[in-house]
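The structure appears below as structure tokens.
A short reminder: the numbers here are calculations on the coordinates, not readings from a lab. The shown structure was predicted, so the numbers you read here are calculated from the model rather than taken from an experiment. As a convention, Cβ positions derive from the backbone with ideal geometry for all residues, glycine included, and neighbour counts pool all protein chains shown.
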Amino acid sequence: MPITSVKAQAVYIPLKKPTRISTRILDKRDFVIVTVTCDESDVVGQGYSYLGTAGGRVAAAAVEDLLAPVLVGADTDDILGLWDRMFQETLLTGRRGVVVRAMSAVDMALWDLAAKRRGMPIAVMLGGSARPVPAYASGGYYRPDDGSWTDAVSAEIRFNVANGFTDHKIKVGGLSIAEDADRVRAAIDAMDGKGRLGLDANNAYRDFSHALEAARAFERAAGDHGLWWFEEPLSPEDYEGHARLSRVLETRVATGEIHQTRHEFRRLLEERSTDLLQPDICVLGGVSEWLRVVKTAESFGLSIAPHWHANAHAPLAAAAPNCIAVEHFILEKDIYNFEAIMTPESRLKTGRNSVVVSDMPGFGVELDDEKVRFYSGRQ
């Protein structure tokens with residue numbers, strides 16, 4: 001069935017309160033929403049990507065000026081062929097960054113459309129089932145007005161546990177190593193011997209030695225309980241540094257959320273730069289590329305824990321045997337604020353240590369058109 005239109009819209013959703021990670025302050029989230037329509041059908045496919053705190057309009061322009069012209073008129077079912085067509089078209093503009101994020105949103109919309117036309121949840125279409133998948137509670141951000149750093153992280157861990165989550169992840173890298181080690185110790189104490197704790201540095205450490213010093217301090221702070229993983233300690237481009245950390249640490253090194261296309265992931269895997277892969281459907285190139293990367297990781301004996309966007313990743317995880325957990329922001333709704341433009345009925349539902357995979361056709365993400373219009377007008 002021929003594609004009749006590919007449209008993109010940038011939305012800008014402010015955070016209620018500016019929030020800090022190790023390397024930057026977050027005050028809003030930029031997203032791009034892509035809608036694909038086809039001939040002889042009133043069903044539309046929708047996909048999305050995020051651009052951090054800027055770049056939504058750039059991604060929307062990439063969709064409409066660069067990608068849409070090579071897609072309109074093509075067969076909607078030729079999804080892998082359309083991915084290759086988009087990738088070829090981006091040769092001169094750069095097959096990285098915003099361009100690949102724009103491709104990700106288009107590819108997601110094509111898969112959403114294909115599943116909706118068949119009346120199938122995307123999880124089922126990919127060979128999985130609409131079942132709960134394991135999840136962990138992500139948070140531990142830096143907010144000075146939350147009071148004591150250690151008290152704040154302890155309170156958040158207790159909140160997670162009270163709401164059915166015993167596995168957690170907190171930020172590190174935003175304070176001195178000693179102060180962050182105190183936060184790790186406080187989190188472990190609040191967990192009371194149950195569950196697992198991951199740490200996310202958001203590329204905070206300047207080199208291998210700096211990251212190793214931090215990791216050793218955090219491992220000592222965690223004591224016999226140990227750590228689940230140490231995420232993005234270094235720049236995404238530092239393949240060698242991540243590989244060296246992986247060789248010397250007891251804790252697993254995790255990375256991959258910024259990497260794009262199978263070509264960058266191939267290097268991660270071949271250089272043994274990670275013990276746990278964190279592919280992001282909205283970053284690496286969409287569903288098509290996510291499936292390739294995840295299967296390749298499985299052949300290397302690696303598990304995955306997708307980054308962000310549990311609404312998109314839960315159905316994919318249901319069809320990925322090597323997925324150990326998806327990331328869920330149980331307390332930090334303001335950080336993952338994409339649900340502000342979703343209908344209440346389609347927002348993510350949770351169980352104990354799990355999220356519920358939608359049984360609606362496609363990804364099950366329904367957007368509130370009025371909210372989308374409202375946030376598309378904000379800068």
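Note down the relative contact order for the chain as a percent, whole number, built from C-alpha pairs under 8 angstrom at least six residues apart.
Value for the chain: 20 percent.
Can you put Lys7, Lys17 in order, fewest other beta carbons within 10 Å first? Let's see the in-between values first.
On the way: Lys7 15, Lys17 12.
Placing the least packed residue first, the sequence is Lys17, Lys7.
Arrange the peptides 307-315, 223-231 so that the one whose residues have, on average, the most other Cβ atoms within 10 Å appears first.
Numbers: 307-315: 25.9, 223-231: 18.6.
The peptides rank, most packed first, as 307-315, 223-231.
At 7 Å along the Cα-to-beta-carbon direction for both Ala74 and Phe159, put a label point, then send me their distance in nm to one decimal.
So the two model labels end up 4.4 nm from each other.
Which of the three applies to the range 125-355, rounded, prolate or oblate, going by the alpha-carbon gyration tensor with a ≥ b ≥ c and a/c under 1.5 meaning rounded?
Here the range 125-355 falls in the oblate category.
Which residues' amide hydrogens lie under 5 Å from the amide hydrogen of Cys38, considering only partners 5 or more residues apart or on another chain, with H built in the peptide plane?
Under 5 Å from the amide H of Cys38 lie the amide H atoms of Thr4, each far enough along the sequence or on another chain.
Amide H of Arg20: which non-local residues (sequence gap of 5 or more, or other chain) have their own amide H closer than 5 Å, using H built in the peptide plane?
Under 5 Å from the amide H of Arg20: Leu26, Tyr142.
Whole-Hz ³J(HN,Hα) for each residue in the range 360-373, computed from phi via Karplus 6.51 cos²θ - 1.76 cosθ + 1.60 with θ = phi - 60°, x for glycine and proline: what do you get?
7, x, x, 7, x, 9, 9, 8, 8, 4, 5, 5, 4, 4
Could you please report the charge total around Ala10, scoring K, R as +1 and D, E as -1 over all other residues with beta-carbon less than 9 angstrom from its beta-carbon?
0
If you take every DSSP beta bridge fully contained in the chain, what fraction is antiparallel? Give it as a percent rounded to 5.
Working: 27 of 48 bridges.
Rounded to the nearest five, the antiparallel share is 55 percent.
Go ahead and run the numbers for FRET between Arg118 and Thr296, Cβ-Cβ distance against an R0 of 45 Å, rounding to 0.05. Please report the intermediate quantities before stating the final value.
Values: r = 27 Å, r/R0 = 0.59.
In this case the efficiency is close to 0.95.
Cross-link list Lys7/Lys295; Lys116/Lys169; Lys7/Lys371; Lys7/Lys116; Lys295/Lys333; Lys16/Lys349: which exceed 28 angstrom alpha carbon to alpha carbon?
Lys7/Lys295; Lys116/Lys169; Lys295/Lys333
Can you give me the angle between helix 79-89 and the longest principal axis of the chain, using Cα atoms only, in degrees from 0 to 90, rounded to the nearest 10?
80 degrees
Using the Cα centre of the chain as the reference point, and only Cβ charges (+1 on K/R, -1 on D/E), how large is the resulting charge dipole? Debye, rounded to the nearest 20.
300 debye
Amide H to amide H, which residues 5 or more places from Cys323 or on other chains are under 5 Å from it, using H placed in the peptide plane?
Amide H neighbours of Cys323, under 5 Å, 5+ apart: Ile304.
Roughly how many whole Å is it from the C-alpha centroid of the range 285-318 to that of the range 206-224?
Cα centroid to Cα centroid, the span is 28 Å.
Among Met120, Met108, what is the fewest-to-most ranking by other Cβ atoms within 10 Å?
Starting with the residue having the fewest Cβ neighbours, the order is Met120, Met108.
In percent, what relative contact order does the range 1-97 have, based on Cα pairs under 8 Å that are 6 or more apart in sequence?
31 percent
Give the residue list of trypsin sites (Lys or Arg not before Pro) in the range 276-379 that are DSSP loop and have at most 16 other beta-carbon atoms within 10 angstrom.
Filter output for the range 276-379: Lys333, Arg347, Lys349, Arg352, Arg378.
If you plug each phi of the range 325-338 into the Karplus form 6.51 cos²θ - 1.76 cosθ + 1.60 with θ = phi - 60°, what whole-Hz ³J(HN,Hα) values come out, in order, with x for Gly and Pro?
Values per residue, Gly and Pro as x: 5, 10, 8, 10, 9, 5, 8, 7, 4, 6, 6, 9, 9, 4 Hz.
How many nm separate the modelled label positions at Lys194 and Phe374, each set 7 Å beyond the Cα in the direction of the Cβ?
3.7 nm
Would you mind counting up the charge near Asp207? Only other residues with Cβ under 13 Å from its Cβ, with Lys and Arg at +1 and Asp and Glu at -1. Walk me through the numbers on the way to the answer.
Numbers: positive: Arg206, Arg244; negative: Glu213, Glu237, Asp238, Glu240.
Once all neighbours under 13 Å are counted, the net charge is -2.
Viscosity 0.890 mPa s, temperature 25 °C: what is the translational diffusion coefficient of the range 248-379 from Stokes-Einstein with a Kirkwood Rh over Cα pairs, rounded to a whole number of µm²/s? The partial results should precede the final answer.
Values: Rh = 15.9 Å.
In µm²/s, the coefficient is 154.
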